[in-house]
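See below for the structure under consideration.
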Amino acid sequence: MPFVQHGGPRYLQIADMLERALSGGSLRPGDRLPPQRSLAALFQVDLTTVTRAYDEAKRRNLLEGHGARGTYVAAPKVELTQMLDLSMNIPPPPVGVDFDDLLKQGVAQVLMRTDSDMLMSYHLGGGSKADRAAGAAWLAPMFGNVDGEHVVACPGAQAALAALILTLSRPGDAILTEPAVYPGLRSAAGQLNRKAVVVETDADGMLPEALEKAGRKHRARLVYLNPTLQNPTAHTMPAARRLAITQVAQRCGMHIIEDDPYWLLASDAPPPLAHYAPAHVSYIATLSKCLAPGLRMAYTLIADTQLRERFLDALRSFSLMATPVTTALTTQWIHDGSAHALLAGIRSEADARQDVIRTILTGATHPRSDGIHVWFSLPGYWTSRELAATARAQGVAVTASDAFYDNRPPNAIRISLGSIRDRARLAGALKKLSLLLAHKPAVRREFVI
């Protein structure tokens, strides 16, 4: 087997090869595989690599073991019913990184360097000095040198978002947003008795004059923006518009929550809004969207000391602290370089997946698209709800536009590229979607009694 130099760990390449052989018909359910030692000799790898490949293939329901009788290709009934998920926005598996080994080594380092009692005890919210220093290092590509005292380590972006809403607004207040908005913002606003108010946009994003008008009309003190590879549209606000928006916020006494999970996945993103007006912008950077969902860690950058203390008080009211083990692992990975190696692998895989969707779905991406999701405008004979429902019935999950819009959603869907682990299966899901889009939906007859 010709291994691909940058195709990831060899055990995953072997598992991928088995999956392709099954989907291509050269392997069939019930076929017996060679003994692991024979396969190791054939591929010129050690036995452990083949064992891990078989274990991965079993996890994917491709193989099943029968003791002394050997290992066989599994019947496809489980695989056939598995949903091909293009709806969940999570990072893809990293190219050239053995995540299992990385996780084991990281946890081992944490346990070796940290007293286990400390990992199982209460900690003050906001993170230790080392945790805040890790956050400052993580934010350095966006801001350059960052004062660690300005960084708060939080148990995820959603917790940080809710605490900022509590800190910066009052019940009944308006939160100004763009028409397309992260559903978690609307959820938090509703639960906290705030209302999301849409501000007009153009091709560059929120209009500064419309922001100023809405701010005065609603007496708003809070603005929410996701300016880089926006979820769901994947649009990035240009630098000139960012500067203009922050100038309005400064002039009108408004504060901006900048939710920026994807900046590190973009190839040429402008400086964050917080770069232009640090006193008027609180910046959230989560690791869940660019490294791994299980890393419930977000760094919130707040320059003002009093605001930072009020934010911590609000955060502690519903989340006393981030999980110490997760915090310690994140800090370890950032300080030893593992987090940046993981990020590089994810960016490489995300770029490859953008190439896959660009090849299969014409018009799904721009020539230089980045990130882990795309926004796809539908042909007029499909509505986004109908397409999403029909695709789900055929085993492919996508997200309809009304998940992100309160009023008049465009006829589009968000396609997420990270949930399907194997790139070949991702291509298969996109081909199913492409075939669906190529045909008009069946005409539904209405019977009138």
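The values are calculated or read from the model by the stated rules, or taken from the named source; none is laboratory data. Keep in mind the model is a prediction, meaning the values are calculated, not measured. We place every Cβ from the backbone using ideal geometry, glycine too, and count neighbours over all the protein chains shown. What goes into the accessible areas is simple: the full protein's heavy atoms, side chains included, and nothing from ligands, DNA or RNA. Shrake-Rupley method; radii C 1.70, N 1.55, O 1.52, S 1.80 Å.
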Q: Would you list which lysines come within 22 Å of Lys431, measuring only between C-alpha atoms, while excluding same-chain residues fewer than 8 positions from it?
A: Lys77, Lys440
**Q.** Whole-Hz ³J(HN,Hα) from phi, Karplus 6.51 cos²θ - 1.76 cosθ + 1.60, for segment 260-271, glycine and proline x
**A.** 10, x, 10, 4, 6, 8, 8, 7, 8, 5, x, x
Q | Label-point separation in nm, Arg69 to Ala344, each point 7 Å along Cα→Cβ | A | 4.8 nm
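Counting only heavy atoms of the protein chains, get the accessible area per residue of segment 291-389 (1.4 Å probe) and round it to a whole Å² value. List each step's numbers first, then the result.
Numbers: 4250 Å² over 99 residues.
Value for segment 291-389: 43 Å² per residue.
Rule-of-thumb check for the chain: C-alpha Rg over 2.2 N^0.38 Å? Write down the numbers at each step before the final one.
On the way: Rg = 24.1 Å, N = 449, 2.2 N^0.38 = 22.4 Å.
Normalised by 2.2 N^0.38 Å, the Cα Rg of the chain equals 1.08.
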Q.
Run the numbers for Leu42 and Ser377: contour at 0.36 nm per residue of separation, minus the present Cα-Cα distance, in nm.
A. 115.9 nm
Q: For segment 279-290, just list the computed ³J(HN,Hα) in residue order, Karplus coefficients 6.51, -1.76 and 1.60, θ = phi - 60°, integers in Hz, with x standing in for Gly and Pro.
A: 6, 10, 9, 9, 10, 10, 10, 9, 8, 5, 8, 10
Q: Mind listing the long-range amide H neighbours of Leu63? Cut-off is under 5 Å, sequence gap 5 or more, other chains count too, H placed in the peptide plane at 1.01 Å from N.
A: Lys58, Ala74
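If R0 is 35 Å, what FRET efficiency do you get for Gln306 and Ala240 from their C-beta distance, rounded to 0.05?
Step by step, r from the Cβ atoms, then E = 0.65.
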**Q.** Rounded to 5, percent antiparallel among DSSP beta bridges of the chain
**A.** 60 percent
Q: Give the Cα extents of segment 358-444 along the principal axes, in whole Å, largest first.
A: 35, 26, 21
Q. Roughly speaking, what is the centre-to-centre gap between segment 155-175 and segment 370-443 when only Cα atoms are used, to the nearest Å?
A. 31 Å
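Tell me, in nm to one decimal, what length is gained between Ala279 and Asn407 on full extension, where the rule is 0.36 nm per residue of separation less the Cα-Cα distance?
Full extension of this stretch gives 42.8 nm more.
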Q. For the chain, list the DSSP H helices whose alpha carbon atoms reach 24 Å or more along the long axis and whose average Kyte-Doolittle value is 0.0 or above?
A. 338-360
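Exposed loop GluC sites (Glu not before Pro) only (DSSP loop, at most 16 other Cβ atoms within 10 Å): please give the longest stretch of the chain free of them, not including the sites. Each step should come with its number before you reach the end.
Details: sites that count: Glu200, Glu446.
Segment 201-445 is the longest.
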Q: Mind giving me the nanometre distance, one decimal, between the label points for Ala397 and Gln247, set 7 Å out from Cα along Cα→Cβ?
A: 4.5 nm
Q) In square nanometres, what is one fourth of the surface area of the convex hull spanned by the alpha carbons of segment 163-272? A) 6.3 nm²
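Using helices alone, what [θ] at 222 nm do you get for the chain, with -39,500 (n - 2.57) per DSSP H run of 4 or more residues, divided over all residues and rounded to the nearest 500?
Working: 17 runs with 197 residues, N = 449.
After summing the helix terms and dividing by residue count, I get -13500 deg cm²/dmol.
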(Q) What number does segment 290-336 give for Rg over Rh if you use C-alpha atoms and the Kirkwood radius? (A) 1.02
Q | Largest-first ellipsoid semi-axes for segment 303-449, taking √(5λ) over the Cα gyration tensor eigenvalues, angstrom | A | 39, 24, 14
Q: Pop the C-beta distance of Phe3 and Met83 into the FRET formula with R0 = 35 Å and round what comes out to the nearest 0.05.
A: 0.70
Q | Cα-centred dipole magnitude for segment 136-247, charges only on beta-carbon of K, R (+1) and D, E (-1), debye, nearest 20 | A | 460 debye
(Q) Averaging the inverse of every distinct alpha carbon separation and then flipping it gives the Kirkwood radius. What is it for segment 221-303, in angstrom units? (A) 13.0 Å
Q) What FRET efficiency, computed as 1/(1 + (r/R0)^6) with R0 = 51 Å and r the Cβ-Cβ distance, is obtained for His335 and Asp204, rounded to the nearest 0.05? A) 0.85
Q) Distance from the Cα centre of segment 176-204 to that of segment 31-45, in angstrom? A) 55 Å
Q. Given a 1.4 Å probe and every protein chain left where it sits, what share in percent of the accessible area of the chain is carbon and sulfur?
A. 53 percent
Q. Along the charge dipole of the chain, Cβ charges K/R +1 and D/E -1, which of Pro238, Leu27, Ile357 sits furthest on the positive end?
A. Leu27
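Counting only trypsin sites (Lys or Arg not before Pro) that sit in a DSSP loop (anything but H, G, I, E, B) with at most 13 other Cβ atoms within 10 Å, what is the longest stretch of the chain containing none of them?
On the way: sites that count: Arg219, Arg368, Arg444, Arg445.
The segment 1-218 is the longest one with no such site.
Longest span of the chain, sites excluded, free of chymotrypsin sites (Phe, Trp or Tyr not before Pro) in DSSP loop with at most 15 other C-beta atoms within 10 Å?
Details: sites that count: Phe3, Tyr122, Phe318, Tyr381, Phe447.
Maximal segment without exposed cleavage sites: 123-317.
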Q | 15 Å cut-off, amide nitrogen to a point 7 angstrom out along Ala442 Cα→Cβ, residues in segment 375-415 | A | 387, 389-395
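For segment 207-260, what D do you get in µm² per second when you plug the Kirkwood radius from alpha-carbon pairs into Stokes-Einstein at 20 °C and 1.002 mPa s?
On the way: Rh = 11.5 Å.
It comes out at roughly 187 µm²/s.
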**Q.** Inter-label distance, nm, simple model (7 Å from Cα along the C-beta direction), Asp117/Gln191
**A.** 3.5 nm
